[in-house]
Amino acid sequence: MDLQTMKDNIRKHKYETREQFWEHINLIVNNCITYNGFNSELTRNAQKMLEICNGEMKMIDKELEQLEHEINPLLGDDPLAALSFLLRKCVEKMILVPSSRPFHFPVNSKKLPDYHIIIAKPMDLETLRKNCESDKYHSREEFIADLNQIVDNSITYNGPTSPFTQIADNMRQCGLKFLEEESDHLSQYESQLSSREISKSPTTSSIHDSSNDVLDQGSILMSEDEGDSNVTVEGPGVNMMTVTGGESMVLDSGQVRIVASDEIDVEGLEEMDISSGIRVGEGEIDQLMQDLQNSSSSEEEYEKKEESDIDDV
């Protein structure tokens, strides 16, 4: 090993990690010790070269670590990036299948004008690769579904016994073999992705008590005092609405519905028609109160009439 060979390796992007680079640096020093002896002037120069290299790399340690993760996401802690990296490696393996070039890129509609009429969902290795780079696939199943689409399209357009279909199937078998070889890693990344997606999914809280109160996508603060319950509801469109005396209530995405209540007092930005459970705007409150007053007056008149009738008897 020598510095010129290492320079060529750098130009050809052969080093993906610092360890690979250090392996060749140490090989130069060890070869020099083996051939020239430990006390040789050449060996001392090789060791000085090693020390200089060590100092320079320590100064840019973080930058090198970041580059390593960009080159090989398997070294990082992002399961989606690692999964996409392995799936992209699978595409690279399939590209090497002999005579597979017709499936490397999208079909040219100028050369085959009827292709997009016959094939509803075109698919090719370049599209697979781009999907991997954009982290589209969150599991092997999603990737394999698009891979199978390539073979199915060939069967539809070229026929099941066509040489093109045989090449497409060979390409698929190559990809499936690679996925099987990396099955343990892929399962690990898929599991981590699934756990992360579950932890990030919005939680819906449901609270049940003896009165069958149910609250979705909101929060409730409840206190009871001598049989009376005060319920304060927070949620989209509610803004700290307080309900007193409700026996059963449902909050659905910020909409409150009161069921089977006796004496209910609602405080909030908007008031509600308790009997029907319909939200009442500010412009309708006066009308609602007037109706309630008229109803009360009618009851009083009816009671007075009954007393008058009894006196007459």
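The values are calculated or read from the model by the stated rules, or taken from the named source; none is laboratory data. What you see is a predicted model; the values in this text were computed from it and never measured. Cβ atoms come from the backbone with ideal geometry, glycine included; neighbour counts cover every protein chain shown. For accessibility, only protein heavy atoms count, side chains too; no ligands or nucleic acids. Shrake-Rupley method; radii C 1.70, N 1.55, O 1.52, S 1.80 Å.
Here are the numbers:
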{"read-out": "Any chance Ile60 is exposed (fewer than 15 other Cβ atoms within 10 Å of the Cβ) and at pLDDT below 80", "value": "yes"}
{"read-out": "Among (1) among the charged types (D, E, K, R); (2) surrounded by 14 or more Cβ atoms within 10 Å (Cβ to Cβ); (3) assigned to a helix (DSSP H, G or I) - the single one Lys136 does not satisfy", "value": "(3)"}
{"read-out": "Residue satisfying condition, being open to solvent by less than 60 Å² (accessible area, probe 1.4 Å), more than 24 Å from the chain's Cα centre (by Cα) and not hydrophobic (A, V, I, L, M, F, W, C), within set Asp169, Asp152", "value": "Asp169"}
{"read-out": "Criterion violated by Gly76 - all others in (1) open to solvent by less than 70 Å² (accessible area, probe 1.4 Å); (2) at pLDDT 80 or above; (3) of a type in the set (Gly, Ala, Ser) satisfied", "value": "(2)"}
{"read-out": "Per-region count, segment 146-186, residues within 15 Å of Arg88 (Cα to Cα) and part of a helix (DSSP H, G or I)", "value": "15"}
{"read-out": "Boolean, Ser99 is at positive phi, part of a loop (DSSP other than H, G, I, E, B), at pLDDT 85 or above and loosely packed, with under 15 Cβ neighbours inside 10 Å", "value": "yes"}
{"read-out": "Positions within segment 106-120 being open to solvent by 70 Å² or more (accessible area, probe 1.4 Å) and in contact (Cβ under 8 Å) with a residue 24 or more places away in the chain, in sequence order", "value": "Ile118"}
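Yes or no, residue by residue, for (1) farther than 30 Å from Phe85 by Cα; (2) of a type in the set (Val, Ile, Thr); (3) open to solvent by 60 Å² or more (accessible area, probe 1.4 Å); (4) out of contact with any Leu (no Cβ under 7 Å at 6 or more places or on another chain):
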residue	(1), (2), (3), (4)
Asp2	yes, no, yes, yes
Asn9	no, no, no, yes
Tyr15	no, no, no, yes
Trp22	no, no, no, yes
Asn31	yes, no, yes, yes
Leu42	yes, no, yes, yes
Ala46	yes, no, no, yes
Met49	yes, no, no, yes
Ile52	yes, yes, yes, yes
